[in-house]
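One structure is given below, encoded as structure tokens.
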Amino acid sequence: LDAGSIADPLLSPVTQGYTVVTRPGDNVVADFPLVHMTVIDGTVYFLDRDGSKRELGNVVVELGDKAGKPLRRVISGVDGYFSFDRVQVGDYILTVPGEALADINADVVATIPVIIEKIDEFMTGNELLLRQKTDLSIPPPMERPTSEGAAEDK
């Protein structure tokens, strides 16, 4: 059963599928159990030093199980928006993986626990806050000019 062929986007097959080999001319009747799913979405924000926040795009967002094991990843849009579709009942954690944080020199202010006990609505409006890890406003120490450089400046 192709999950994309199901008219309701919040229904999904329980298993990936079955293979049935029959004799030519035989009809096979198969029931495929479906389960209701939901959507988890939100926005990635960068928390500035003054406390204001701004959307941060092109950031890897990770959906993990409650133990922190990564399950899926998406990349936030230009406006910071991210979305995980076809999520089953369970306990999850939203975060940004370490390698993605290292690339942008940031830390996650707090991971977001998401608990889905019953599929009756979307899990929307999650705000994943990042902050600068190292203070980049302090310039690195300047190198002393060499004696040749000092002579050229005069």
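Read-outs throughout are calculated quantities, based only on the coordinates presented, and are distinct from any laboratory measurement. Note that the coordinates shown come from a computational prediction; the quantities given were computed from them, not determined experimentally.
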Expressed in nm to one decimal, what extension gain is obtained for the pair PHE122 and ASP85 from 0.36 nm per residue of sequence separation less their Cα-Cα distance? 12.4 nm
If you wrap a convex hull around the Cα atoms of the stretch 60-125, how much volume per residue is inside, in Å³? 95 Å³
Sorted by chain and then number, the residues having a modelled amide H within less than 5 Å of the amide H of LEU71, at least 5 places away or on another chain, are LEU63, GLY64, ASP65
Can you give me the pair-distance distribution of the stretch 1-98, C-alpha pairs, 5 Å bins, whole percents? 3, 11, 15, 15, 15, 13, 9, 6, 5, 4, 2, 1, 1, 0, 0
Collect residues whose amide H, placed 1.01 Å from N in the peptide plane, falls under 5 Å from the amide H of ARG86; neighbours closer than 5 in sequence don't count. THR38
